[in-house]
Structure formats: C-alpha cells, structure tokens
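Chemist: Mind having a look at this structure? Questions to follow.
The values are calculated or read from the model by the stated rules, or taken from the named source; none is laboratory data. Please read all numbers here as calculations on a predicted model, not as lab measurements. Positions of Cβ are backbone-derived with ideal geometry, glycine not excepted, and every protein chain shown enters the neighbour counts. Remember, those area values only see protein heavy atoms, side chains included, never the ligands or the DNA or RNA. Shrake-Rupley method; radii C 1.70, N 1.55, O 1.52, S 1.80 Å.
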Amino acid sequence: MIRLKFNSAALSVVLSLIFCGVTAQNNKMSLVKGGVYLPLYGAEDRTVKVEPFLMDVYPVTNADFLKFVEENPQWKKSNVKPLFADKSYLTNWKNDQTFQGLPNAPVTNISWFAAKKYCECQGKRLPTMDEWEFAAMANEKVQDARRIESYNQFILNWYETPKTFKNPIGETFKNYWGIYDLHGLVWEWTLDFNSVLISGESRKDGDKDSNLFCGSAAIGASDLMNYAAFMRYAFRGSMKARYSSQNLGFRCAKDVEN
C-alpha cells in the first residue's frame with residue numbers, strides 16, 4: 001500500500017493554479033531573511049518576529065495584469081463582480097484589454113480581491129503587513145533605516161509628489177534586500193491590510209484618494225515621530241477589500257520552502 005504525504009502549503013498552491021488560467025509572469029523574487037522588529041502599532045516595546053520569505057523585486061505591472069485578465073476573464077473590467085471591486089476598478093483602462101500608460105508602469109486601481117487572486121494564480125500570495133513593513137525598513141545599505149532622517153525625508157517627499165504611479169518600475173533605489181520601489185512609486189496592498197483599523201469606516205467610497213489621514217489616529221503609535229509609517233497605516237485603515245485607488249498597486253510574496 002502506497003501512502004502519499006502532502007504538504008498543505010504546496011497543495012494550496014496546486015489547487016489555486018487549477019482554478020486559474022496562468023502563465024509565468026514576473027518571477028524575479030528576493031529573499032528577505034527575516035528577523036525581529038518593533039512595528040509602529042501594537043503594545044509598547046512588543047516586537048514581532050518575521051520569518052524568512054520571498055518578495056517580488058518589482059510591483060506587478062500593467063502588462064503583467066493584462067496577461068492575468070486575458071487568462072482569467074472574470075477579473076476583466078467589464079466582468080468583475082461588484083462584491084469584489086468598486087467602480088474605480090481599472091478605471092484608467094480604456095477597455096478590458098487596453099490600459100493607458102506604460103506597460104512597465106505599476107498596475108493600479110486594483111482591489112484587494114483582485115490582487116490576492118493574481119498572486120494565487122502565480123503560486124504566490126500577498127505579503128503580510130509585517131513582512132511588507134520589515135522589507136520596507138531597509139534603504140540601500142542597512143536593514144533598518146527608519147531612524148535615518150534622510151531616508152524618512154525621501155519617503156515624505158515622495159508622498160508629496162503627484163502621479164508617481166505613472167512612472168516605470170525599477171527607477172527607485174534597490175534596497176538592502178535587492179527589492180525596488182517599496183517607496184517612491186505606489187502604495188501597496190498587504191494580505192492583512194485592515195488588521196490595524198484607524199478610521200476607514202467614517203469615509204465614503206468616493207473619497208479614497210484624498211483626506212485619508214486623521215491626526216487623532218496617531219494615538220497608539222510606538223513612535224509618534226515616524227510620520228512616514230503612520231501615513232501608510234492611516235491609508236490602509238481607510239480602505240476596504242473591494243476599494244481601488246490610482247495610487248495603490250501590489251506585489252506578491254512567497255513562503256520559503258524548507
């Protein structure tokens with residue numbers, strides 16, 4: 001009698017691929033070795049352990065997502081169900097198969113549901129918020145650059161720069177882990193984006209690209225001076241899974257196989 005052993009993570013990937021039309025797309029990934037860090041929100045001085053993981057070197061592009069919707073037509077602009085995407089979904093595309101802008105610019109106006117399904121169809125997943133924040137702490141030279149004034153100023157300057165989502169991928173710096181564009185291009189979805197809620201319930205669907213930040217929400221931050229990170233948490237707290245935004249894209253992550 002032959003007994004087969006199944007790895008639950010591998011089985012999940014196989015099942016996802018069965019239900020996806022899938023062509024290998026941008027598979028360049030970097031290893032983030034993981035470690036311990038103190039997140040912006042949570043109990044004071046309570047650190048979080050991040051296990052090693054793989055993260056896409058670049059955000060998902062317009063060209064990447066076009067291949068995805070061609071192979072998975074239920075996610076086309078005209079077909080997507082309102083439960084999974086709001087009216088802003090792919091609003092900058094002329095039609096189901098014609099995007100505006102550069103092929104290698106990051107795809108935006110994507111709901112969390114669509115981003116999650118895309119990653120699953122690549123045999124990947126969205127990064128968790130802790131994974132994303134851990135990877136994004138790094139500048140070009142060190143793993144944690146959050147206390148470096150010039151690094152935080154770079155991020156804040158980007159927040160004030162309009163329409164960076166139109167720029168091609170790979171033109172910001174390559175960080176310590178070999179990953180581009182975590183800052184300087186677009187905001188990015190995470191798997192558990194709403195695990196820290198700020199004040200999103202008080203906002204209307206049509207007002208996601210402006211007036212997203214609330215000063216009173218700074219209560220509970222582990223570092224009140226870390227405004228760059230606070231703004232990311234505030235943005236996430238303003239979103240729901242079906243929402244989309246012209247400044248919001250995504251990239252995928254993957255567990256490290258033992």
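Chemist: When residues of region 97-128 are filtered for being assigned to a loop (DSSP other than H, G, I, E, B) and surrounded by 21 or more Cβ atoms within 10 Å (Cβ to Cβ), how many remain?
Modeler: Residues meeting the conditions: 10.
Chemist: Which condition does Phe165 not pass, out of (1) more than 25 Å from Gly35 (Cα to Cα); (2) surrounded by fewer than 18 Cβ atoms within 10 Å (Cβ to Cβ), if it passes all the others?
Modeler: For Phe165, the exception is condition (2).
Chemist: Could you tell me which of the residues Leu83, Leu90 is more than 28 Å from Ala135 (Cα to Cα) and part of a loop (DSSP other than H, G, I, E, B)?
Modeler: Step by step, each of Leu83, Leu90 is checked, and only Leu83 is more than 28 Å from Ala135 (Cα to Cα) and part of a loop (DSSP other than H, G, I, E, B).
Chemist: Turning to a different aspect of this structure: Tell me, yes or no, whether region 77-94 has at least one residue that is free of Cβ contacts under 8 Å to residues at least 12 places away in the same chain, surrounded by fewer than 14 Cβ atoms within 10 Å (Cβ to Cβ), in contact with a Lys or Arg (Cβ under 9 Å, 6 or more places away or on another chain) and more than 17 Å from Phe193 (Cβ to Cβ).
Modeler: No - not one qualifying residue is present in region 77-94.
Chemist: Shifting gears a bit: So, Lys5, is that one modelled with pLDDT of 95 or more and charged (D, E, K, R) or not?
Modeler: no
Chemist: Tell me whether region 208-230 contains one or more residues that are open to solvent by less than 30 Å² (accessible area, probe 1.4 Å), under 30 Å from Cys121 (Cβ atoms) and modelled with pLDDT of 95 or more.
Modeler: Checking region 208-230: not a single residue is open to solvent by less than 30 Å² (accessible area, probe 1.4 Å), under 30 Å from Cys121 (Cβ atoms) and modelled with pLDDT of 95 or more.
Chemist: Taking region 168-190 as the region of interest, how many residues are in a loop (DSSP other than H, G, I, E, B), in contact with a helix residue (DSSP H, G or I) (Cβ under 8 Å, 6 or more places away or on another chain) and buried (at least 18 other Cβ atoms within 10 Å of the Cβ)?
Modeler: The total comes to 9.
Chemist: Also, quick follow-up: Please state which one of Glu140, Glu131 is among the charged types (D, E, K, R), touching a strand residue (DSSP E or B) at 6+ places or on another chain (Cβ under 8 Å), surrounded by fewer than 20 Cβ atoms within 10 Å (Cβ to Cβ) and at pLDDT 95 or above.
Modeler: Glu140
Chemist: Is it true that Leu156 is of a type in the set (A, V, I, L, M) and modelled with pLDDT of 95 or more?
Modeler: So Leu156 fails the test.
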